[in-house]
Amino acid sequence: MALATADSGRQGDVADRPTAVRYQVLLLATASSFMLYVDRYCLGELLKHDSVTLELGLNHNDLLVAWSLSAFFWSYALLQVPSGWLADRFGPRWLMTFYVIGWSLCAAATGWVNGFVSLFAVRIGLGVMQAGAYPTSGNIVSRWMPLAERARASSVIALGGRLGAATALVMTTALITWSWRATMMIYGVIGCFLGAAFAIVARDWPAQHPRLNAAELALIERGRPSQTGLSVQTQANSQPLRAFAQLVRSASMWAMCVAQFATNIGWVFLLTWLPRYLTEVRGVTSQLGANMNAIILFTGMFGMLSGGGLTDVLSRRLGLRHGRALPLALSRFLAAGAYLAVPYLESPWEAMAAFCIVSFATDLGVPGTWAYTQDVGGPYVAAVLGWGNMWGNLGAAIAPVVIGRLSGEEEVMDWNLALLLCAGAFVVSGIAAFFIDATKPVVTSAD
């Protein structure tokens, strides 16, 4: 029996009011995204405190601190595709449970480290376990949400991550005065409970869920290509190397990879160099600069939610080809224009407003990126999303070094050149985005 059809125990009129099981699954995926970013970014906040670095035998300017922070991104980027393929192969229910509990145990283990070696190992492990989170979430959205709601659902999950990043700064700072080791263990326990909840509530396919009625199943399947869940599962189980060959031959997918890579080069400035820019160039205090930076990042959340709705609306009116590509491309040009305007703005608040536009525009295009991979991934949605996400994270990993090296010595930054480089990266991303085509499957068949 095909998995994408209701079983004999789920008889009833499709016109009945649909159940809302899909939203429960979406809520848990969003909560997982929230803890994903809490556990990822709390270390940066911890290492700002002398009490932590001294206890670990480190100091703020030590190269070992930089390696501790960057270790996560390399393992995270390189494991995107393998972990995504596992979700496609074995289904998202147990893989997501495994990933959430796995990275939560790594977060808890951070509370037991005693120096650089153990900290480095834990961060590598965190990156390995978190690598599958977003690819698997993309797989969940493709299976559980109607085609017309994919971008909006993706924006909600991604918004959970942004909220988690902001919360990590505030919550970790508040708890560290009590015990930084206990704080990490608390984060780990919360994540383990969340992973268990996902295993209880979710299923690999909507038709497998005992509380999902025929009306909701019909709603989820509306507009979906005519493939049964069983046929998709069978394809995902066979010949992954051939499917990967199709992936790397797709010009549209390479355009998406370039767009994500270049986007992160421009966006990571907001997380790395911006606090220093605000104090050195705009003359604000460190505290005021931190508050301004928080406002800038918070603005991106509105872009994330707006982008989901915008992408879905444009896709219905203009079709998938332009509905997915235009929000991504135009938002990148908007971010580039905001970067170019910053040197001509006199007030630090005017500059902050321009950076807010960068943040808003960046996140405006994220839902379209997720929706595109769900449209073209076929039986390998998680692996395809992971492939693009890998290139995006490689861009994030090299961005601070590239911008710093090309913009002068560490002590004497040419800030206008740095802003120009960020603007140029967004222009490249916008041009590449015009070439993505969600109407052409990247993986047509694995057989």
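The values are calculated or read from the model by the stated rules, or taken from the named source; none is laboratory data. In this text the structure is predicted, and so the values were computed from the model without any measurement. Positions of Cβ are backbone-derived with ideal geometry, glycine not excepted, and every protein chain shown enters the neighbour counts. Ligands, DNA and RNA are stripped out before the accessible areas are found, and what is left, the full protein with its side chains, is counted by its heavy atoms. Shrake-Rupley method; radii C 1.70, N 1.55, O 1.52, S 1.80 Å.
Residue count for the range 103-142 under the criterion of being part of a helix (DSSP H, G or I) and either out of contact with any helix residue (DSSP H, G or I) (no Cβ under 7 Å at 6 or more places or on another chain) or farther than 30 Å from residue 18 by Cβ (or both): the result is 23. Looking only at residues in the range 37-54 that are under 18 Å from residue 121 (Cα atoms) and in contact with a Gly (Cβ under 9 Å, 6 or more places away or on another chain), the one that is modelled with the lowest pLDDT is 41.
Restricting attention to the range 199-223, the residues that are in a helix (DSSP H, G or I) and either in contact with a Phe, Trp or Tyr (Cβ under 9 Å, 6 or more places away or on another chain) or among the small types (Gly, Ala, Ser) (or both) add up to 7. If you check residue 353 against the conditions, is it more than 28 Å from residue 204 (Cα to Cα), at pLDDT below 95 and part of a helix (DSSP H, G or I)? Considered against the rule, which asks whether it is more than 28 Å from residue 204 (Cα to Cα), at pLDDT below 95 and part of a helix (DSSP H, G or I), residue 353 comes out as no. Of all positions in the range 335-354, none carries a residue that is touching a residue at least 60 places away in the same chain (Cβ under 8 Å) and either touching a Gly at 6+ places or on another chain (Cβ under 6 Å) or closer than 26 Å to residue 87 by Cα (or both).
Looking at 316, 276, which one is out of contact with any Pro (no Cβ under 8 Å at 6 or more places or on another chain), open to solvent by 10 Å² or more (accessible area, probe 1.4 Å), in a helix (DSSP H, G or I) and within 21 Å of residue 373 (Cα to Cα)?
316
Report whether or not residue 162 is of a type in the set (D, E, K, R) and at pLDDT 90 or above.
Against the criterion (of a type in the set (D, E, K, R) and at pLDDT 90 or above), residue 162 does not qualify.
Only one of 214, 166 is in contact with an Asp or Glu (Cβ under 8 Å, 6 or more places away or on another chain) and either more than 30 Å from residue 291 (Cβ to Cβ) or in contact (Cβ under 8 Å) with a residue 40 or more places away in the chain (or both). Can you tell me which? Steps first, please.
Values: 166 fails: in contact with an Asp or Glu (Cβ under 8 Å, 6 or more places away or on another chain).
Checking each option against the conditions leaves just 214.
Among the residues of the range 249-273, those that are open to solvent by less than 30 Å² (accessible area, probe 1.4 Å) and in a loop (DSSP other than H, G, I, E, B) comprise 250, 268. I want to confirm something. Restricting to the range 185-213 and keeping residues that are among the aliphatic types (A, V, I, L, M) and touching a Leu at 6+ places or on another chain (Cβ under 8 Å), which single residue is nearest to residue 99 (Cα to Cα)? Residue satisfying both the conditions and the ranking: 194. For the range 408-437, residues that are surrounded by 15 or more Cβ atoms within 10 Å (Cβ to Cβ) and either at pLDDT 90 or above or at positive phi (or both) total 19. With respect to the conditions (1) part of a helix (DSSP H, G or I); (2) open to solvent by 20 Å² or more (accessible area, probe 1.4 Å), residue 183 falls short on a single one, namely (2).
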